[in-house]
Amino acid sequence: MIEDDLRAAFARHEALAPPVGPLRSAIDRRAAARRRRRLRLRAGGAALALLGVLGIGVPQLASERAAGDATVLAEPAGTAPTDALNFLLLGADGSAKDPARMADTILLVHIPADRSRPYLISLPRDLAVPIPGHGTDKLNAAFLHGAGEPRPDLRRGYELTRRVVADLAGVRVHAGAVLTYPVLRRLTDEVRGVEVCLPREVRSSHTKRVFPSGCQRLDGDASLDLLRQRRGLPEGGLDRDRHAQLFAAGLIRQAGEQGLLTNPVRLLTLADIVDTHLMTDDGSMTLVDLLRVLADLKSVDPVGLSLPVGPPDDLGWRLSPDPEHAPAFLAALREDRLAQWAARHPDRVNRIR
């Protein structure tokens with residue numbers, strides 16, 4: 001009897017039950033959104049870790065909401081690495097919708113084993129290097145060869161460039177990122193501009209904008225305009241590399257002054273900005289391991305260096321490592337002695353303030 005009553009009650013109310021299809025679709029959409037959020041946090045966390053490597057610091061996710069959204073950043077970690085670490089940052093001239101052709105800014109970030117301070121090492125885009133499967137070409141062409149055409153794959157472009165840089169320097173590259181122009185523009189505007197201090201006036205060959213010598217705050221568009229300039233500069237691409245170091249240092253200071261990585265809302269905003277443009281680690285350590293390393297840095301003031309190179313070849317564009325200074329520089333990098341090398345060669349330390 002009771003069973004019959006229950007069946008009758010369910011039958012009377014069956015028409016009031018919501019249809020299963022839309023409900024299942026809503027559940028699937030929510031699950032997909034959570035997966036996308038997790039992927040964005042992985043990518044964004046890697047980017048923020050790399051910014052931290054440049055000196056910003058380690059995020060302190062205090063709020064319950066941040067702790068929930070950034071679970072992936074709080075997963076249990078093993079023993080923090082104690083050896084020297086190297087990170088590769090590539091500035092590429094494109095976006096996901098308008099794929100990059102080449103990586104025109106190549107920056108190797110070295111964190112010494114004593115965790116004294118980070119070293120920013122510029123590698124010239126016009127450096128002649130052997131590229132696996134493609135003979136000898138300019139360093140920035142490795143990204144193009146790896147990414148392929150007609151729809152370049154940023155991840156593959158990064159991977160081939162990483163291999164070439166690792167072979168050139170003789171070091172392991174533990175992690176890295178590809179930062180396209182749109183991403184850099186949005187990051188700059190997110191921190192409300194970046195201050196750079198230029199040693200000389202720069203005139204844009206693209207927009208005719210004039211950047212006076214001295215310190216100035218640049219928004220995203222102005223920053224990209226400066227970072228693209230090499231024509232008309234005394235040392236062309238080498239001067240552009242120095243401007244990239246000035247910009248990186250300014251971005252670090254601005255983000256640090258704002259306490260950007262201690263603010264969960266801003267953290268998630270940056271995660272959305274960097275999204276899938278990021279190439280992360282080589283699998284040898286977790287993101288949390290990298291963040292734990294940053295907490296041990298004794299100074300967040302980076303040292304700017306450049307691979308010593310000789311004059312251009314007869315073609316006027318290819319550069320080669322300086323036979324007198326480059327071997328000692330690369331040996332210092334491999335042996336984690338950059339502090340001693342910089343002390344002996346103060347004239348080769350780039351001004352980044």
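Each reported figure results from applying straightforward, stated rules to the coordinates on display, with no laboratory input. Since the structure is predicted, the reported quantities are computational estimates derived from the model, not experimental observations. Backbone-built Cβ (ideal geometry, glycine too); neighbour counts: all protein chains shown.
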**Item:** Paramagnetic reach from Q340 (point 7 Å along Cα→Cβ, amide N under 14 Å) across the range 104-132
**Value:** 113-114
**Request:** Show the residues, 5+ positions off or on another chain, whose built amide H is closer than 5 Å to the amide H of I131.
**Result:** T136, D137
**Prompt:** What whole number of Å gives the distance from the Cα centroid of the range 146-210 to the Cα centroid of the range 293-353?
**Reply:** 19
**Request:** Provide D83, D336 in ascending order of the number of other Cβ atoms located within 10 Å of each residue's Cβ, fewest first.
**Result:** D83, D336
**Item:** Calculated FRET efficiency for the pair A331/H134, C-beta based, R₀ 25 Å, to 0.05
**Value:** 0.40
**Request:** Could you grab the Rg to Rh ratio for the range 293-338? Cα atoms only, Kirkwood for Rh.
**Result:** 1.16
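For F87, F143, what ranking results if the residue with the fewest other Cβ atoms within 10 Å of its Cβ goes first?
F87, F143
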**Prompt:** What is the order of C215, C197, fewest Cβ neighbours within 10 Å to most?
**Reply:** C215, C197
